[in-house]
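Novice: I'd like to ask you about the structure that follows.
The values are calculated or read from the model by the stated rules, or taken from the named source; none is laboratory data. Please read these numbers as outputs of a predicted model, since none were measured by experiment. Note: ideal-geometry Cβ built from the backbone for every residue, glycine included; neighbour counts use all protein chains shown.
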Amino acid sequence: MTDADAPTPAVRLDDATVRLGGRDIWSHVDLVIRPGTFVAVLGPNGAGKSTLVNAVLGAVPLAGGRVEVFGRPPGEGGRDIGYLPQRRTFDAGMRVRGVDVVRMGDDGDRWGLPLPWGAARRARDARVDEAIDLVGAGAYAGRPIGEVSGGEQQRLLIAQALVRSPRLLLLDEPLDSLDLPNQAAVAALIADISRAAGITVLIVAHDVNPIASALDGVVYVAGGRAVSGTPDEVITTPTLSALYGTRVEVLVTSDGRRVVVGQPDAASHHAGPHGHTHGHGHDHGHDHGLDHRPGGPA
Amino acid sequence: MNPLVSAALAGPVLDPVVDLRRMLALHFMVNAFRAGTVVAVLAAVVGWLMVLRRQSFAGHTLAVVSFPGAAAAIWLGVSATVGYFAGSIAAALVIALVPRGAAGRPRSQESAVIGTVQAFALACGALFVSLYGGFLDSITGLLFGSFLGVSDGQVIALVVVAAAVLAVLAVIGRPLLFATVDGGVAAARGVPVRVLSVLFLLVLGCTAAEVSQVTGALLVFALLVMPAAAAQQVTARPVAGLALSVVFGLGVVWASLSVAFWSPWPVGFWVSTIGFALYLVAAGGRAALTRWRRRGADGRRTAGERRPEALLPGVVGA
């Protein structure tokens, strides 16, 4: 992230502040994400990682500052953005096929009935098939989505986010609720797609380690602020200690994994209500709290 | 007495052509088939979406609420048809006021609110019937259905409302399906999830009011849920599911009207029983097929060490 006269950034935040339910989720955040890069949003539960994604989507208004997506205000780049919300898995009773879910990503927001024939229909089917092939979901896309595994659902949902060939992919905890082999496989898949298609990827993650090798940069959100840079710059003892405002230590294991030790959880930082109010706020409810635990991975 | 009516009262001769001709020679039976057909198609389409949206309880309540609506209309001397629609649409608006989660999914209190509305509505229905004073027969008709008295005017009203509802669904159907299956992404794509949810409740209210007029308020589920649920057991394809739901609905209505004509038992009983049988067959068939495929896949997997997914090219009907 050196040259200042690079092309229009994919995402740019200028002195941005988000206030929800009367408290600042984070404030005065400056951030530039260059096109074609693969960037992770890290931080403890409740720090406002999903809020950052929602601000880029235009789903959360700013209390101050600016957000731009490809040089435009957020919300105007609908077709340019592929979005995977914090998951939600489909339960076994959902009697809709995976291919239908992917197809909805293409034309599900259009009014009226689709024509069952014609060139537009063939082009759409081709786009859907291509997206499904890209994530390797061909073998189970014809099955009801409630009946395939969590990892398979996640691949289909990534295909759904990709089907319109977005320039920016916003993935909110796509690795959450996957087992370790699937985490690695899905992370590698996202990295490959990003590189091959030149798509900018912003991925919210609990743990940097499964995706560390593919990352161009990280945004670390904690203590109401955010720092960005390469993982080696950001996930360090001095940077994170400054961000948290208290001493935390980053250990680097012999295989290059970074582990944050003594990390306070977000709730103790904000005196506000525990269950925060940005609408996706079930961060606190789950027990996956890897980074809630002192000594969990970054 | 009309010779055809006396023939009908004498029972079927078990020759389908003769029996059908005798049945359809009676104008009230023709109207019953017309009304039943309209209602079956509408209920099958709306019901398919309702089952997918998990709003069966709301659908049931909207149907139950048509009972006090109709009872009030009769008490006030207005057409019962108006009462059915007024009750269901008013209740749809009340349920639409329940706050929802971010992704457009109902929060847990929704079912409590719906249950409260339902109990209150039934109580109001009892009140209106008692205020009206006589003619206990009408309660049975309102609650459990009667197909004898469908007038030409009612058939026209049913057709007009059904056409309007289906036209609305044709416009909003695709985004509605998106919002149903994947509310968060749909909202991010600019689909007005909340507005669609209110619109669907109104659609559901109109449908429940229509169906109530044939099956009675308490047996609406027979046409609104059973064909749709059976169709979803058979296929997960949206278009095929909708079509199959319509076929099931028509089959249930036509069969039950025919049987009810020759039997002393009420049509609502036959609609529900045939619909229930259909659902049992569909669910049982699917369970048996799943088990059979799983056993087959396990057998092949131990032989060839391949993933079961690769051996299952699309599940039931896919």
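Novice: Exactly one of these conditions fails for A:Ile203: (1) in a helix (DSSP H, G or I); (2) of a type in the set (A, V, I, L, M, F, W, C); (3) crowded, with 21+ Cβ neighbours inside 10 Å. Give me its number.
Specialist: (1)
Novice: Restrict the check to region A:108-123 and report whether at least one residue is under 24 Å from B:Pro192 (Cβ atoms) and in contact (Cβ under 8 Å) with a residue 40 or more places away in the chain.
Specialist: Checked region A:108-123: no residue is under 24 Å from B:Pro192 (Cβ atoms) and in contact (Cβ under 8 Å) with a residue 40 or more places away in the chain.
Novice: Need pairs with beta-carbon distance below 7 Å; first residue of a type in the set (Ser, Thr, Tyr) and within region A:175-191, second in a helix (DSSP H, G or I); sequence gap 6+ or separate chains.
Specialist: A:Ser177/A:Gly150
Novice: Looking at (1) assigned to a helix (DSSP H, G or I); (2) of a type outside the set (S, T, N, Q); (3) farther than 25 Å from B:Leu242 by Cβ, which is the one condition that is false for B:Val150?
Specialist: (1)
Novice: So A:Ala188 passes all but one of these: (1) of a type outside the set (Val, Ile, Thr); (2) under 22 Å from A:Val219 (Cα atoms); (3) within 14 Å of the chain's Cα centre (by Cα). Which condition number does it fail?
Specialist: Every listed condition holds for A:Ala188 apart from (3).
Novice: While we're here: Residues in region B:273-318 that are closer than 18 Å to B:Gln232 by Cα, among the hydroxyl-bearing types (Ser, Thr, Tyr) and modelled with pLDDT of 85 or more: how many?
Specialist: Count: 1.
Novice: Could you go through region A:56-70 and let me know if any residue there is outside any loop (DSSP other than H, G, I, E, B), within 13 Å of chain B (Cβ to nearest Cβ), modelled with pLDDT of 90 or more and within 28 Å of B:Ile172 (Cα to Cα). If you could, list the steps in order and put the result at the bottom.
Specialist: Narrowing region A:56-70 to residues outside any loop (DSSP other than H, G, I, E, B): A:56-57, A:64-69.
From what's left, within 13 Å of chain B (Cβ to nearest Cβ): A:56-57, A:69.
Right, trim to modelled with pLDDT of 90 or more and you get A:56, A:69.
Within this subset, residues satisfying the condition of being within 28 Å of B:Ile172 (Cα to Cα) are A:56.
Checked region A:56-70: at least one residue is outside any loop (DSSP other than H, G, I, E, B), within 13 Å of chain B (Cβ to nearest Cβ), modelled with pLDDT of 90 or more and within 28 Å of B:Ile172 (Cα to Cα).
Novice: Right, something else. For region A:75-180, give me every one of the helices (runs of 4 or more DSSP H) that falls completely inside it and has 3 or more residues that are within 9 Å of another protein chain (Cβ to nearest Cβ).
Specialist: Values: elements: A:98-107, A:119-134, A:150-162.
Output list reads A:98-107, A:150-162.
Novice: Turning to a different aspect of this structure: Of the residues in region A:10-53, how many are within 14 Å of another protein chain (Cβ to nearest Cβ) and either more than 20 Å from A:Ile190 (Cα to Cα) or in a loop (DSSP other than H, G, I, E, B) (or both)? Write out each step before concluding.
Specialist: If we filter region A:10-53 for residues that are within 14 Å of another protein chain (Cβ to nearest Cβ), which is where we start, we get A:20-21, A:50-51, A:53.
Within this subset, residues satisfying the condition of being either more than 20 Å from A:Ile190 (Cα to Cα) or in a loop (DSSP other than H, G, I, E, B) (or both) are A:20-21, A:51.
Matching residues across region A:10-53 total 3.
Novice: Which one is surrounded by the fewest Cβ atoms within 10 Å (Cβ to Cβ), of the residues in region B:42-60 that are farther than 15 Å from B:Leu244 by Cβ and within 14 Å of chain A (Cβ to nearest Cβ)?
Specialist: For region B:42-60, the residue satisfying everything is B:Arg54.
Novice: Taking A:Ser165 as the residue in question, decide whether it is under 14 Å from the mean Cα position of the chain (by Cα), surrounded by fewer than 23 Cβ atoms within 10 Å (Cβ to Cβ), hydroxyl-bearing (Ser, Thr, Tyr) and under 25 Å from A:Asp109 (Cβ atoms). Step through it out loud before you land on a result.
Specialist: Working: under 14 Å from the mean Cα position of the chain (by Cα): no; surrounded by fewer than 23 Cβ atoms within 10 Å (Cβ to Cβ): yes; hydroxyl-bearing (Ser, Thr, Tyr): yes; under 25 Å from A:Asp109 (Cβ atoms): yes.
So A:Ser165 fails the test.
Novice: Given (1) touching a helix residue (DSSP H, G or I) at 6+ places or on another chain (Cβ under 6 Å); (2) closer than 17 Å to B:Ala73 by Cα, identify the lone condition not met by B:Ala123.
Specialist: (1)
Novice: Check A:Asp255 against each of (1) in a loop (DSSP other than H, G, I, E, B); (2) modelled with pLDDT of 80 or more; (3) not β-branched (Val, Ile, Thr) and name the one condition it does not meet.
Specialist: Among (1) in a loop (DSSP other than H, G, I, E, B); (2) modelled with pLDDT of 80 or more; (3) not β-branched (Val, Ile, Thr), A:Asp255 violates only (2).
Novice: Related question: What number of residues within region B:235-254 satisfy the criterion of being more than 10 Å from every other protein chain (Cβ to nearest Cβ) and not aromatic (Phe, Trp, Tyr)?
Specialist: Initial filter on region B:235-254 (more than 10 Å from every other protein chain (Cβ to nearest Cβ)): B:240, B:242-254.
Subset that is not aromatic (Phe, Trp, Tyr): B:240, B:242-247, B:249-253.
Looking only at that region, the number is 12.
Novice: Still on this structure: Looking at region B:137-146, can you tell me whether even one residue there is outside any helix (DSSP H, G or I) and within 14 Å of another protein chain (Cβ to nearest Cβ)? Break it down into steps so the answer makes sense when it comes.
Specialist: Narrowing region B:137-146 to residues outside any helix (DSSP H, G or I): B:145-146.
Next, from what is left, pick out any that are within 14 Å of another protein chain (Cβ to nearest Cβ): none.
Checked region B:137-146: no residue is outside any helix (DSSP H, G or I) and within 14 Å of another protein chain (Cβ to nearest Cβ).
Novice: Let me ask something additional. Residues to consider are B:Ile95, B:Ile89; find the one that is at pLDDT below 90 and either in contact with a helix residue (DSSP H, G or I) (Cβ under 8 Å, 6 or more places away or on another chain) or on the phi < 0 side of the Ramachandran plot (or both). Even if it seems obvious, please write down each step before you answer.
Specialist: Numbers: B:Ile89 fails: at pLDDT below 90.
Criteria check complete, one pass: B:Ile95.
Novice: Another question, if that's okay. Can you find a residue that is at pLDDT below 80, of a type in the set (D, E, K, R) and closer than 25 Å to A:Gln183 by Cα anywhere in region A:222-245?
Specialist: Scanning region A:222-245, I find no residue that is at pLDDT below 80, of a type in the set (D, E, K, R) and closer than 25 Å to A:Gln183 by Cα, so the answer is no.
Novice: So, one more: I need the helices (runs of 4 or more DSSP H) fully contained in region B:172-234, keeping only those with at least 3 residues that are more than 14 Å from every other protein chain (Cβ to nearest Cβ). I'd like the intermediate steps shown before the answer.
Specialist: Working: elements: B:183-188, B:193-215, B:221-224, B:226-234.
Filter on region B:172-234 gives B:193-215, B:221-224.
Novice: Could you say which residue among A:Arg143, A:Arg110, A:Arg122 is buried (at least 17 other Cβ atoms within 10 Å of the Cβ) and over 24 Å from the mean Cα position of the chain (by Cα)? I'd like the intermediate steps shown before the answer.
Specialist: Numbers: A:Arg110 fails: buried (at least 17 other Cβ atoms within 10 Å of the Cβ); A:Arg122 fails: buried (at least 17 other Cβ atoms within 10 Å of the Cβ).
Unique residue meeting the criteria: A:Arg143.
Novice: Restricting to region B:213-256, what's the tally of residues that are surrounded by fewer than 22 Cβ atoms within 10 Å (Cβ to Cβ) and closer than 28 Å to B:Thr140 by Cα?
Specialist: Summing the residues that are surrounded by fewer than 22 Cβ atoms within 10 Å (Cβ to Cβ) and closer than 28 Å to B:Thr140 by Cα in region B:213-256 gives 7.
Novice: Restricting region A:212-236 to residues that are polar (S, T, N, Q) and buried (at least 16 other Cβ atoms within 10 Å of the Cβ), which is farthest from the chain's Cα centre (by Cα)? Can you show your working first?
Specialist: Taking region A:212-236 as the starting set, the residues that turn out to be polar (S, T, N, Q) are A:213, A:228, A:230, A:236.
Adding the requirement that they be buried (at least 16 other Cβ atoms within 10 Å of the Cβ) leaves A:228, A:236.
Details: A:Ser228: 15, A:Thr236: 22 Å.
Checked region A:212-236; the qualifying residue farthest from the chain's Cα centre (by Cα) is A:Thr236.
Novice: Between B:Leu42, B:Leu52, which is of a type outside the set (S, T, N, Q), modelled with pLDDT of 90 or more and under 15 Å from B:Leu202 (Cβ atoms)? Can you show your working first?
Specialist: Numbers: B:Leu52 fails: under 15 Å from B:Leu202 (Cβ atoms).
Among B:Leu42, B:Leu52, only B:Leu42 is of a type outside the set (S, T, N, Q), modelled with pLDDT of 90 or more and under 15 Å from B:Leu202 (Cβ atoms).
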